[in-house]
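Structure record follows, encoded as structure tokens.
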Amino acid sequence: MKKSLLTVLLILSLSASAFAYTEHNIQSANFIAGKWIINDNSTNIAAYNLGDHITRREMLKVMMNLSGKTVASTCSWKFSDMKSSDWGCKYAESALTEGFIAANSTFRPDDSVTLIEALKMIMQAKGIERDENTDWRAGYVSKGQSEEIVDAGYFEYDVKSTRGWIFSTSARSYDDFVYEEPEIELEPEIEELFKSLLDL
């Protein structure tokens, strides 16, 4: 019996956490959309594709928009794998001009972005310098945590980042972003069950 009760509590807890996480990403996406960082899909939340990974091409657009730097209107094919007809070319070359990315021969626009790559790009765009550390990744994480851009605790460097995580982290880089904690309404029967379990 106790195992069953614990299972119910665990399911309720996980469901509430998942709801709060999704709600945070939605609020973050709407916030940065209001800053003209990404397209506004507040009336069609699914179009944010919060759970999808993001490509380097897409991330450079987010990065340049976050930085507020001027984006060139044309491209001169500085990366062999990005033609001037590629919409992302102007963002990549503008990022190169600003010193945000290295002058490599290729850009790999369709590669996914990892958590640490995304964090570095966001912090560079906002002019936040990393902490001194022999491991540059640890320097960005420790600074990001002290600035409360990312949560304290263990950080997975090489996990592919989702769009939702990037939107959330970008929003948290703004001083005026305030997350409004959602009220979770349970069905009356579930709420009564939850209360009775807590009284055990």
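The values are calculated or read from the model by the stated rules, or taken from the named source; none is laboratory data. Every value quoted in this text rests on a predicted model; they were computed, and no experiment measured them. So basically every Cβ, Gly included, is an ideal-geometry build from the backbone, and we count neighbours across all protein chains shown. These area figures cover heavy atoms from the full protein model, side chains too; ligands, DNA and RNA do not enter into them. Shrake-Rupley method; radii C 1.70, N 1.55, O 1.52, S 1.80 Å.
A few remarks follow.
- Cβ-Cβ contacts under 8 Å between residues 6 or more apart (or on different chains), taken from a first residue in the range 125-148 that is closer than 22 Å to Met64 by Cα to a second residue that is open to solvent by 80 Å² or more (accessible area, probe 1.4 Å) and among the aromatic types (Phe, Trp, Tyr), are listed as Arg130/Trp136.
- Pairs linking a residue in the range 63-86 that is at positive phi and of a type in the set (Ser, Thr, Tyr) to a residue that is outside any loop (DSSP other than H, G, I, E, B) and surrounded by fewer than 14 Cβ atoms within 10 Å (Cβ to Cβ), with Cβ atoms under 6 Å and 6 or more positions apart or on different chains, do not occur.
- Residues that are under 22 Å from His53 (Cβ atoms) and polar (S, T, N, Q) within the range 91-136 comprise Asn104, Thr106, Ser112, Thr114, Gln124, listed in sequence order.
- Taking the conditions (1) surrounded by 18 or more Cβ atoms within 10 Å (Cβ to Cβ); (2) out of contact with any Phe, Trp or Tyr (no Cβ under 9 Å at 6 or more places or on another chain); (3) within 30 Å of Ser76 (Cα to Cα) in turn, Lys143 satisfies each one other than (3).
Results for (1) surrounded by 21 or more Cβ atoms within 10 Å (Cβ to Cβ); (2) in a helix (DSSP H, G or I), shown as yes or no for each residue.
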site	(1), (2)
Asn25	yes, yes
Ala33	no, yes
Asn65	no, yes
Thr70	no, no
Cys75	no, no
Met82	yes, no
Gly99	no, no
Asn104	no, no
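- For first residues located in the range 155-180 and within 16 Å of Ile116 (Cβ to Cβ), partners that are open to solvent by 30 Å² or more (accessible area, probe 1.4 Å) and part of a loop (DSSP other than H, G, I, E, B) and lie 6+ apart or on another chain with Cβ distances below 6 Å form the pairs Thr162/Gly51; Ser173/Lys126.
- Residue within the range 84-96 that is open to solvent by less than 30 Å² (accessible area, probe 1.4 Å), more than 20 Å from Ala29 (Cβ to Cβ), within 22 Å of the chain's Cα centre (by Cα) and among the polar types (S, T, N, Q) present: yes
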